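The values are calculated or read from the model by the stated rules, or taken from the named source; none is laboratory data. Because the structure is a prediction, the values reported are computed rather than measured. Glycine gets a Cβ as well: all are built from the backbone with ideal geometry, and neighbour counts include every protein chain shown.
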Ligand SMILES: C[C@](O)(CO)[C@H](O)COP(=O)(O)OP(=O)(O)OC[C@H]1O[C@@H](n2ccc(N)nc2=O)[C@H](O)[C@@H]1O
Ligand SMILES: Nc1ncnc2c1ncn2[C@@H]1O[C@H](COP(=O)(O)OP(=O)(O)OP(=O)(O)O)[C@@H](O)[C@H]1O
């Protein structure tokens, strides 16, 4: 990491609500979800290579080098732009994987924005978001960096201005497969669409939650525990669960009461992602 020319954050996100409206012919689901960023995340370092090779210098246990979303994002940007340059990339992985807080998608988005800058490509945000969507449904919101109401499969984004409370996020130590949750026959897939206005007034739920609670007792137990202190909910397809607090002190106080077997962190909800704040400060 100390050899990197550019160091950038890859923040986590929460799905403050997630409704499933239907299933498309390609198997993907039509959703309505509200994304907000957290001021907590991974950190990536980047340096240009003249030989055109892409190397992720940090080993990520369980994820082969070539299937890491960071490497896939870099190679795709390189192929589509025709750029002859390569990159060395370092990763400080802080976010739990398969946690529903978007770690892999955020790493991919940070890679696209970093290399667009280091390779002097000058791609528009629209073009980077479209490339991001081909890597995963959650990548575009991280490319754009603004809290948003998302529709379609998550790529039709309407920026929203939300309160920025403090969140306690608990990470049950189970891996939830997003594809498995979406293919569960018991998943609710017919929630009627609602208007963004009623959501901003506090409505909504996570339609994935009943399926995940049923399949993963550790997630159900974490929700029961957090619900003793605040109204807790699942983010994305889990495994992470979260509750909000008006200030950091209250969130920290509850965190101290969680068992050591349930890892957790406290972070503030942000409407502009840390990545975009950092990029703006570099201009
Ligand atoms: C559930 C969310 O986390 C909400 O933010 C996302 O929609 C999931 O985004 P993601 O992890 O980037 O998901 P992808 O890698 O695109 O898809 C993983 C798998 O989830 C299912 N999937 C995902 C998104 C979606 N709108 N409908 C789906 O059915 C598909 O089976 C897909 O094979
Ligand atoms: N850089 C990466 N970081 C984390 N996971 C990665 C990465 N690259 C590829 N993956 C793969 O993607 C899977 C899901 O990772 P991720 O942490 O993004 O899940 P998630 O938090 O559930 O995401 P989402 O909320 O977008 O569904 C991992 O199990 C891993 O196999």
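Descriptive notes on the structure:
- Qualifying residues in region 22-33 (those that are within 10 Å of ligand 1 (Cβ to nearest atom) and part of a strand (DSSP E or B)) - the one nearest to the chain's Cα centre (by Cα): 33
- The residues listed here are 238, 203; of these, the one that is in contact (Cβ under 8 Å) with a residue 40 or more places away in the chain, surrounded by fewer than 16 Cβ atoms within 10 Å (Cβ to Cβ), part of a loop (DSSP other than H, G, I, E, B) and not assigned by TED's automatic domain parsing to the domain that holds residue 37 is 203.
- Taking the listed residues 135, 112, the one that is farther than 25 Å from residue 168 by Cα, within 15 Å of ligand 2 (Cβ to nearest atom) and surrounded by 24 or more Cβ atoms within 10 Å (Cβ to Cβ) is 112, with no other qualifying.
- From the list 185, 217, the one residue that fits, being more than 22 Å from the chain's Cα centre (by Cα), exposed (fewer than 14 other Cβ atoms within 10 Å of the Cβ) and within 24 Å of residue 259 (Cβ to Cβ), is 217.
- Qualifying residue in region 227-235 (condition: in a loop (DSSP other than H, G, I, E, B), within 21 Å of the chain's Cα centre (by Cα) and closer than 23 Å to residue 183 by Cα): yes
- Region 87-102, subset in contact with a helix residue (DSSP H, G or I) (Cβ under 9 Å, 6 or more places away or on another chain) and not in a strand (DSSP E or B), residue surrounded by the most Cβ atoms within 10 Å (Cβ to Cβ): 100
- Some residue of region 218-229 being in contact with a helix residue (DSSP H, G or I) (Cβ under 8 Å, 6 or more places away or on another chain) and either on the phi > 0 side of the Ramachandran plot or assigned by TED's automatic domain parsing to the domain that holds residue 12 (or both): no
- Qualifying positions in region 142-152 - near ligand 1 (Cβ under 9 Å from one of its atoms) and touching a helix residue (DSSP H, G or I) at 6+ places or on another chain (Cβ under 8 Å): 150
- Per the conditions (1) more than 7 Å from ligand 2 (Cβ to nearest atom); (2) surrounded by 22 or more Cβ atoms within 10 Å (Cβ to Cβ); (3) closer than 23 Å to residue 141 by Cα, the sole criterion not satisfied by residue 43 is (2).
- Flag for residue 3 being surrounded by fewer than 21 Cβ atoms within 10 Å (Cβ to Cβ), in contact (Cβ under 8 Å) with a residue 12 or more places away in the chain and part of a strand (DSSP E or B): no
- Selection status of residue 70, within 15 Å of ligand 2 (Cβ to nearest atom), modelled with pLDDT of 95 or more and over 20 Å from residue 95 (Cα atoms): no
- Index of the failed condition, residue 281 passing every other in (1) in contact with a strand residue (DSSP E or B) (Cβ under 9 Å, 6 or more places away or on another chain); (2) assigned to a helix (DSSP H, G or I): (1)
- Among the numbered conditions (1) over 30 Å from residue 245 (Cβ atoms); (2) away from ligand 1 (no atom under 16 Å from the Cβ); (3) in contact with a helix residue (DSSP H, G or I) (Cβ under 6 Å, 6 or more places away or on another chain), the only one that residue 39 does not meet is (1).
Yes or no, residue by residue, for (1) more than 13 Å from ligand 2 (Cβ to nearest atom); (2) not in a loop (DSSP other than H, G, I, E, B):
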residue: 162; (1), (2): yes, no
residue: 167; (1), (2): yes, yes
residue: 172; (1), (2): no, no
residue: 186; (1), (2): yes, no
residue: 190; (1), (2): yes, no
residue: 198; (1), (2): yes, yes
residue: 221; (1), (2): yes, yes
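- If you go through region 69-86 and pick out every residue that is in contact with a helix residue (DSSP H, G or I) (Cβ under 7 Å, 6 or more places away or on another chain), without any contact (Cβ under 8 Å) to a residue 40 or more places away in the chain and over 28 Å from residue 172 (Cα atoms), you end up with 0.
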